1. State which residue pairs qualify: first residue closer than 8 Å to residue 145 by Cβ and inside segment 88-102, second residue of a type in the set (Phe, Trp, Tyr) and open to solvent by less than 40 Å² (accessible area, probe 1.4 Å) in any location, beta carbons under 9 Å apart, and separation of 6 or more residues or different chains.
2. So in segment 176-206, with the set limited to residues that are within 30 Å of residue 102 (Cβ to Cβ) and of a type in the set (Val, Ile, Thr), which one is most open to solvent (accessible area, probe 1.4 Å)?
3. Taking segment 83-118 only, how many residues are surrounded by fewer than 14 Cβ atoms within 10 Å (Cβ to Cβ) and assigned to a loop (DSSP other than H, G, I, E, B)?
4. Is there a residue in segment 155-168 that is at positive phi, at pLDDT below 95 and not in a helix (DSSP H, G or I)?
5. So in segment 50-70, with the set limited to residues that are at pLDDT 95 or above and not in a helix (DSSP H, G or I), which one is least open to solvent (accessible area, probe 1.4 Å)?
6. Inside segment 153-175, can you point out the residues that are farther than 14 Å from residue 119 by Cα, open to solvent by 90 Å² or more (accessible area, probe 1.4 Å) and under 23 Å from the mean Cα position of the chain (by Cα)?
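The values are calculated or read from the model by the stated rules, or taken from the named source; none is laboratory data. If you're wondering where the values come from, they're calculated on a predicted model, not measured in any experiment. For neighbour counting, all protein chains shown are included, and Cβ atoms are generated from backbone atoms with ideal geometry for every residue, glycine included. Heavy atoms of the whole protein, side chains included, go into the accessibility calculation; ligands, DNA and RNA do not. Shrake-Rupley method; radii C 1.70, N 1.55, O 1.52, S 1.80 Å.
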Amino acid sequence: MNLFEDAEILMTNTKRKKKERKKEKKKKERKKERKKESHEMRLFIAVCFSENVNRCLLNCIGALKAKTAGNFTKPQNLHMTLVFIGETNRAEEIKAAMDDVCKNQSPFDLTLNKIGRFERGRSSLVWAGGSSEKLPAVYENLVRNLTEKGFDIEKRKFLPHITLGRDVQFQTKNKEETNAFLKSLDFEAVTEIDSVVLMSSERTDSGLVYRKIYSVS
């Protein structure tokens, strides 16, 4: 094979890759248009927190950033997911389920007192968690009500947590050292939960954007 043939093959491969990229771009644009036409949104039900609690969470994120690398949650995106629903155009039915479950729910306390992680290969998702006597019942009632309305909700053990960082890489591979570092970030904050929020999630060029769609107090 001579240089001319090599150059011709290279040009052919480059053209093919350009075509594939163009085709993929059009495919994504068509998908986006269909989504707009059907008014579908990526939805989940969550609870949000006071400025004081968010400040504690941001302090933890700051300490993490100083000792690790990863994709950390933006201040405006801090929340605790109760029920993930996914792509749907049935927002009104979700609002109705939230009304059924939460309209007459009295405010209750949530205690945040632990920093932990879910290991995912070589990286981790780092979270803040805690406990609440009443939150699991709210979760179970929402899942039951949504399931009765025909939503396909994944059945899983309820592990209330707030994502602080994704794809987090620690300086050490020693698990004991990593766990000791996370332990050093533990704090305790008691916050009153007086509302449940329906939120949308949209992936943009600048990252994930969460928007509040509806709230029940």
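1. The qualifying pairs are 97/151.
2. If we take residues in segment 176-206 being within 30 Å of residue 102 (Cβ to Cβ) and of a type in the set (Val, Ile, Thr), then 190 is most open to solvent (accessible area, probe 1.4 Å).
3. Qualifying residue count for the region: 5.
4. no
5. Checked segment 50-70; the qualifying residue least open to solvent (accessible area, probe 1.4 Å) is 68.
6. Matches in segment 153-175: 154, 155, 156, 157, 159.
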